[in-house]
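Encoded as structure tokens, the structure appears first; notes follow it.
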Amino acid sequence: MATPNGARNWPRTAVAIVVAGLLLVGSAVIVHRVLAPAEVSTPARADYPAPATARPGVVGTLNAAPLIVDDRIRVYATTRQIWADRPVDAPTRRTPYWSYRRWPAQVAGLVAEGGTVVTRWSDGELVALDARTGTVRWRAAGPRPGHGYLGRRTGAATVYAPTGLHTARTSTGRPVLVVGETADQRGIDLDSGRELWRLAAVPTCSDRGPDGEAAAGAGQGLITADGFFAVLDGCAGSVEVKFHDVATGTLAGRWRPDGSARLEQVSPAGCTAGRSGCRALRTVSGGVTRGWLVEGTRPVPAPALDAPEAVLVGDVAVAPGGTGLVGRSVRTGAELWRWSGAGQSRLIAAQPGRVHLRTAGGDLVTLDAATGVERSRFPFTYGRDSTTWSPGFAYAAGGFVAVERLAEPVDPAAGDDRYYLAAQPVILAGT
């Protein structure tokens, strides 16, 4: 008996349907794996390295800006990943010691305190990593930063100047993370991730003066060395600085410069990192810049810090003077020392006990901040790299200095290949 064509083709059709179904399921699985939110943590598989000792001289060049953590590892940030390498004085980037990645969120900020590395993400997530192992210590929901990754090729803006992400110490020494600059500000216990306090922001009031014009730096805030979170506030009829206790978030005081018609800008000075641990600040009022030493909630005048380029190291304010630098007492203004070089020199970074400058001839010179005596001097270049470049972000810690090298003339609107001097744009040196 003859078999109908449809019956003869049924097995073949059934197989095609099954194959198509499997392909559809497989595609769905692949799409889910690619598009679904993901987190990949690769912990350390080696021992925590010993602290590094800085020795004078250029170490090497890197393609990313290093944050030196605990004097033992270097931590970097890219669009969606945080990773560490070792040792601190390696001439190039090494195989990751540990790494942590999230998707599709982007890295919006990075800070470190002791053995903890805290990352902030574009979706508001806060993730604290153990510097020794790279494993997650805690995670918490925070306010969205309003931006994604801002670090360009090197990540320097993300690791050296994160917006709205600060570390602090209470009067009893407890470490606190302060997060803000968006819908609200929050204080978070850095050891556990527990929220300690929250301050609701009122954008139409907190960052504007009586004329409705936003003050420069409004909402950014800074952390003082003695445990206050300082932010601009315009709710009192004129722009003032509010000081909140980092332990509780309670308002501890308000301040504005005496006789200022309008406080136009507040910027940090003498900070240990970013806008954290700041011992001083600068104000702009009526177009006049003034430096202030922050002591409690009543800053006192510090004319030695009036110059925007001045840095504070200990009790010494160091500022450009002639073809060199001048060190003055931050309290009395008395000149303590003067250093001069051939041609114009540029102050690029400071760290406890040291100030670093780049001479007109391209040398990196490190001075003792208390005396002005040279600690080290050497050509600030590596291999056959050009010596003609401008400093971008600069960072100093643990006796090391890392500087972005920007191609001249500097064009911030240019692509990375034109903006940076080389494929390895960050130069690292010991001092």
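Here, each number is a calculation from the coordinates, and none is a lab measurement. Since we're looking at a predicted model, the values are computed, not measured. Cβ atoms come from the backbone with ideal geometry, glycine included; neighbour counts cover every protein chain shown.
In the stretch 82-181, which trypsin sites (Lys or Arg not before Pro) fall in coil by DSSP and have 13 or fewer other Cβ atoms within 10 Å? Listed in order of number, the matching sites are ARG94. Per-residue extension of 0.36 nm, minus the Cα-Cα distance of GLN265 and THR53, leaves a gain of 72.4 nm for this segment.
Placing R0 at 41 angstrom, the Cβ-Cβ distance between ARG254 and THR135 gives a FRET efficiency of 0.45 after rounding to 0.05. A cut-off under 11 angstrom between Cβ atoms defines the neighbours of ALA307, and their net charge, with Lys, Arg +1 and Asp, Glu -1, is +1. Each peptide among 159-167, 290-298, 37-45 gets the average number of other Cβ atoms lying within 10 Å of its residues, and from highest to lowest they stand as 159-167, 290-298, 37-45. Each of PRO409, ALA317, ALA394 was scored by the projection of its Cα onto the charge dipole of the stretch 283-431, and the greatest displacement toward the positive side belongs to ALA317; charges sit on the C-beta of Lys, Arg, Asp and Glu. What FRET efficiency comes out for the pair VAL288/ALA38, r = Cβ-Cβ distance, R0 = 56 Å, nearest 0.05? Computed FRET efficiency for VAL288 and ALA38 comes out at 0.60. Using the Cβ-Cβ distance between GLU374 and ALA414 with R0 = 41 Å, the FRET efficiency computed as 1/(1 + (r/R0)^6) comes to roughly 0.70. A full extension of the chain between THR332 and ARG198 corresponds to an added length of 44.4 nm, given 0.36 nm per residue minus the alpha carbon distance.
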